[in-house]
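See structure below.
The values are calculated or read from the model by the stated rules, or taken from the named source; none is laboratory data. Worth saying up front: this structure is predicted, and the values here are computed from it rather than measured. As a convention, Cβ positions derive from the backbone with ideal geometry for all residues, glycine included, and neighbour counts pool all protein chains shown. Surface accessibility is based on the protein's heavy atoms, side chains included, excluding ligands, DNA and RNA. Shrake-Rupley method; radii C 1.70, N 1.55, O 1.52, S 1.80 Å.
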Amino acid sequence: MQMKYILILLSLILYGEGVFAKPVRDAAKYQIRVLGMNVGEFAVTQELVDGDLSVEAVTDIEVKIIFTYKVRYTQQSHYQNGNLSKYRVQTLKNGSINSDTQLKRMDEAYLLIKDGDSTLVHENITYSGSLLYFNEPKQDSLMYNERNGEMKSIRATADNTYVITDRKGRRTNEYHYKDGILETAILEHPIATIYMERSHQN
């Protein structure tokens, strides 16, 4: 009987990682600056459970000029077996929904629903914008942008530094990594350049 318990204990030590697998969770926060002003914060979490990956990101922006202007972006993305299975992105302006985009995996394509309009996406998506924060794109050349539903090119320009270009080859964003985690980002916008920097406060 004692030998039986010893064998059970050994099996738990050797193989218990699969039996008692704990979720692997990463989290980070970023400060957002525009024109030298701190305008908001971006928080992202990534959780891996039994091979399924979930990413949740929330951006809160508040700009005070003549009046206070608040914008919140929420995004949830899910991966199964290394492929994007679904996501949803919403934009809220001053508390009201301004845009709503979601994508769901069908049999041989994705169904993209953007503000009520539907279309099919036939590419197999293995890397998207939601993975940028904890998954340095060392082996990827294409990235799917959840917010606008477009596939974009991504390439390394220096060690741990990558740029994204649009369909016309114009640079849109730049990302710099440290220890595999996004450290800073430069997002090119027609009105102003947006800077993101990771917070290291405990």
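Here are the numbers for this structure:
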{"read-out": "In the range 48-60, the residues that are in contact with a Gly (Cβ under 7 Å, 6 or more places away or on another chain), open to solvent by 30 Å² or more (accessible area, probe 1.4 Å) and of a type in the set (S, T, N, Q)", "value": "none"}
{"read-out": "Qualifying residue in the range 132-143 (condition: part of a strand (DSSP E or B) and among the polar types (S, T, N, Q))", "value": "no"}
{"read-out": "Residues located in the range 169-182, provided they are open to solvent by less than 60 Å² (accessible area, probe 1.4 Å) and not in a loop (DSSP other than H, G, I, E, B)", "value": "172, 173, 174, 175, 177, 181, 182"}
{"read-out": "Residue count, the range 66-87 (criterion: closer than 18 Å to residue 40 by Cβ and among the hydroxyl-bearing types (Ser, Thr, Tyr))", "value": "4"}
{"read-out": "Cross-chain or 6+ apart pairs with Cβ under 7 Å, the range 31-49 first and at pLDDT below 90, then not in a strand (DSSP E or B)", "value": "35/192"}
{"read-out": "When residues of the range 20-47 are limited to those that are in a strand (DSSP E or B), hydrophobic (A, V, I, L, M, F, W, C) and open to solvent by 70 Å² or more (accessible area, probe 1.4 Å), the one farthest from residue 180 (Cα to Cα)", "value": "37"}
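The rows are residues; the columns are (1) modelled with pLDDT of 95 or more; (2) open to solvent by 70 Å² or more (accessible area, probe 1.4 Å); (3) not in a loop (DSSP other than H, G, I, E, B).
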{"position": "148", "(1), (2), (3)": "no, no, no"}
{"position": "151", "(1), (2), (3)": "no, no, yes"}
{"position": "162", "(1), (2), (3)": "yes, no, yes"}
{"position": "167", "(1), (2), (3)": "no, yes, no"}
{"position": "184", "(1), (2), (3)": "yes, no, yes"}
{"position": "190", "(1), (2), (3)": "no, yes, no"}
